[in-house]
1. Can you run phi through the Karplus equation (6.51, -1.76, 1.60; θ = phi - 60°) for the range 18-29 and list ³J(HN,Hα) in whole Hz, with x for Gly and Pro?
2. Distance between the C-alpha centers of the range 163-180 and the range 13-34? Whole Å please.
3. Considering only DSSP states other than H, G, I, E and B, which trypsin sites (Lys or Arg not before Pro) in the range 1-35 qualify as loop sites with at most 13 other Cβ atoms within 10 Å?
4. By per-residue mean of other Cβ atoms within 10 Å, what is the highest-first order of 32-40, 85-93?
Amino acid sequence: MMSLDSVIWLTGILAEAVVLVLLVYRRAWKVLPVFSLYCAWDLLSNVGFYTSLHFFRSGYDVSTYLAVTVLDSVWQFGVLVELTWSVLRPIRSSLPHKTPVIISFLIVAIGAAIWPFSGIHQLANLSTAGYLLAHLQQTVSILRVLLFLALTACSQFLSISWRDRELQVATGLGFYSLVSLGAAMLRSHETSVLEYRHLNQFVVASYLCSLLYWVYSFAQQEAERREFTPQMQNLLLAAAGVAREQRLALVQASMERHRQNS
């Protein structure tokens with residue numbers, strides 16, 4: 001008889017496949033190509049890991065799992081940048097062409113600020129690679145939660161609703177991330193092997209819930225994107241202008257120092 005872990009895992013793989021099909025069917029991949037590629041990579045990764053574990057009786061060691069997690073975090077970083085950039089669709093033509101780069105630097109800076117505080121104390125017997133793995137997962141989870149909270153809090157100003165793909169993706173990621181952080185806090189206390197396994201099942205089940213939410217959301221036609229309010233447009237364009245002026249000032253200062261040194 002199939003175990004609960006296998007049932008949840010296989011259901012998740014099936015849900016991921018449906019999400020990917022819906023992204024293609026609804027042409028959402030044109031708006032969110034990085035997220036679509038991430039879903040495809042995650043599906044292939046889970047299929048490969050399940051096959052390796054259940055058919056070949058082998059799995060990833062900690063170092064390999066750390067490398068996979070780093071790659072997964074890079075993908076998710078790209079998703080966060082894409083979601084932020086996609087939210088700005090109504091005024092993207094008026095923004096500097098290097099705005100995605102600026103967004104990337106901002107997210108990296110926020111992640112760097114989070115890193116020292118995101119390491120929830122783990123079990124004493126955790127290896128260095130295992131601790132880095134948990135620390136990286138928690139940092140990325142906090143970034144996902146912050147993006148979800150920011151989009152939700154500013155949805156009225158950004159003219160997005162629950163029918164917009166950006167908020168739908170952020171909601172799924174935010175819910176899964178909140179559960180992951182809660183489980184990490186519980187794991188920081190001494191737990192039995194059975195309790196630890198139940199926590200892992202709960203986290204996987206939360207991701208399955210996010211996948212099912214995406215299936216429901218992507219099965220529906222996306223609402224037509226509304227324009228920003230004039231006040232919001234002026235605010236965002238002003239912020240972009242300030243950032244551009246600061247960047248030009250830094251470049252000019254660097255050129256001036258170079259001329260003085262030469």
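Read-outs: derived from the displayed coordinates by stated rules, not from any lab. This structure is a prediction, so every number in the text was calculated from the model and none was measured. We place every Cβ from the backbone using ideal geometry, glycine too, and count neighbours over all the protein chains shown.
1. Values per residue, Gly and Pro as x: 5, 4, 5, 4, 5, 4, 6, 4, 7, 6, 5, 5 Hz.
2. That distance is 15 Å.
3. Values: sites: 26, 27, 30; in loops: 26, 27.
For trypsin sites (Lys or Arg not before Pro) across the range 1-35 that sit outside H, G, I, E and B with at most 13 neighbouring Cβ atoms in 10 Å, the list reads 27.
4. Details: 32-40: 19.2, 85-93: 16.0.
Ranking, from highest mean packing down: 32-40, 85-93.
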